[in-house]
Amino acid sequence: MTTTMNAALIKTYGGISGIEYGTSSIPEIKSNEVLIKVHAASINPADLLFLNGHYGIKRTLPSVGGMEGCGTVIATGSSLVARMLKGKRVAFVSEVFGSWSQYTKASAMTCMVLPDQVTDEQGAVFFVNPASALAMVKIAKQLKSKAIVQTAGASALGKILVQLGKQVNLPIISVVRKHEQRELLEEIGAQHILNSNSDTFEMDLKRKSIELGAAVCFDAVGGDLTGRILSSLPDGSTLFQYGLLSGSTTTINADDLVFRRKRIAGFWASDWVKTQSIFELLALQGSMKKSIGTDIQTEISQCFPLSETVTAIHQYAANMTLGKVLLLPMEG
């Protein structure tokens, strides 16, 4: 087997301009790791943050870009968990090494064997958004919230949360900012959609939250929208911020925290997973395998060869609500 591979490499933390298509060494693996031949890799909002050096972790540069994908395990470390994956087609997360390459490595604990009915394309988006949506539902139930408010409602994660909410009978209040985003959600059966640009947005959200019993919000936008939503939620509610799509500093009203017993906290799926027991993680994987890729599908808008990574990222960043953009490392 060759020792080098094609990869989309991050040369500098300078956004898309820091990406360069080239060659890299195929990674060596440790006892609890597996070597994966990558079939498809996804581009996520977290990757855009990572390219600018704004994600929760950094890698030594140059580094392979991306984090999530699907592929076949072709070699394993010596641990039992790793060896059990040999020859299996898996969905994986590789935060430490990256996924935009012909081969990658990942911890055996961040790989999930894919059911036969799940395509490579759906497998490449199997982890990050579905796992986040399932975590959000679990958190909402733990906090005894009867509904969830979510911003970026027409995003890939937003659509999955709507679909999952229907399955578990948990209403989802989706916040969008454009009429066409409302239409995208209506196509998948979303029932509670509010436009943040409406003159009556805060009043509508307050009424809808009380009506449905929503005491939890997951916010991907930040900026002044976060404060507007927190003020519109019932007393005692919790808002979890997990993104900053607005690019603006989050602002909130101190009265909500001091007098309304409201709370704001961060949500990072990678961090949340580390707080779960092995039994809880196995249950999470079981839930994902049961519905993701079959009852719950992630819309894929376009696929690009690895050599066109820069074009693919531009396409995704400009049209996030149209669906996921994938890289196919073994093509082109």
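Please pick out the residue among Val96, Val118 that is closer than 28 Å to Phe240 by Cα, in contact (Cβ under 8 Å) with a residue 12 or more places away in the chain and not polar (S, T, N, Q). Among Val96, Val118, only Val96 is closer than 28 Å to Phe240 by Cα, in contact (Cβ under 8 Å) with a residue 12 or more places away in the chain and not polar (S, T, N, Q). Filter region 248-273 for residues that are surrounded by fewer than 16 Cβ atoms within 10 Å (Cβ to Cβ) and in contact with an Asp or Glu (Cβ under 8 Å, 6 or more places away or on another chain); which is nearest to Asn52 (Cα to Cα)? It comes out as Ser248. Evaluation of Arg228 against the conditions (1) crowded, with 18+ Cβ neighbours inside 10 Å; (2) under 25 Å from Ser196 (Cβ atoms); (3) modelled with pLDDT of 95 or more; (4) over 16 Å from the mean Cα position of the chain (by Cα) shows that the sole unmet condition is (1).
Which ones in region 162-179 are touching a residue at least 40 places away in the same chain (Cβ under 8 Å) and touching a Ser or Thr at 6+ places or on another chain (Cβ under 8 Å)? Within region 162-179, Leu164, Gln167, Ile173, Val175 meet the criteria. On inspection, Val149 qualifies as aliphatic (A, V, I, L, M), in contact (Cβ under 8 Å) with a residue 60 or more places away in the chain, surrounded by 22 or more Cβ atoms within 10 Å (Cβ to Cβ) and under 30 Å from Pro234 (Cα atoms). Among the residues of region 23-36, which ones are touching a Leu at 6+ places or on another chain (Cβ under 7 Å), in a strand (DSSP E or B) and open to solvent by 20 Å² or more (accessible area, probe 1.4 Å)? Listed by number, the list holds a single entry, Ser24. From the list Leu245, Leu194, the one residue that fits, being in contact with a helix residue (DSSP H, G or I) (Cβ under 8 Å, 6 or more places away or on another chain) and either more than 25 Å from Asn52 (Cα to Cα) or open to solvent by less than 10 Å² (accessible area, probe 1.4 Å) (or both), is Leu194.
Out of all the residues in region 99-116, which are closer than 15 Å to Gly87 by Cα, part of a strand (DSSP E or B) and of a type outside the set (Val, Ile, Thr)? Of everything in region 99-116, those that are closer than 15 Å to Gly87 by Cα, part of a strand (DSSP E or B) and of a type outside the set (Val, Ile, Thr) turn out to be Tyr103, Lys105, Ala106, Cys111, Met112.
Being crowded, with 16+ Cβ neighbours inside 10 Å and part of a strand (DSSP E or B) is true of Ala7.
In a residue-by-residue description of region 169-191, the property of being within 16 Å of the chain's Cα centre (by Cα), of a type outside the set (D, E, K, R) and buried (at least 22 other Cβ atoms within 10 Å of the Cβ) applies to no position.
Here Thr250 meets the list (1) polar (S, T, N, Q); (2) in contact (Cβ under 8 Å) with a residue 40 or more places away in the chain; (3) over 19 Å from Lys146 (Cα atoms) almost entirely, failing just condition (2).
The values are calculated or read from the model by the stated rules, or taken from the named source; none is laboratory data. Computed from a predicted structure; not experimentally measured. FYI the Cβ positions are ideal-geometry reconstructions off the backbone, even for glycines, and counts take in every protein chain you see. Ligands, DNA and RNA are excluded from the accessible area calculation, which covers all protein heavy atoms including side chains. Shrake-Rupley method; radii C 1.70, N 1.55, O 1.52, S 1.80 Å.
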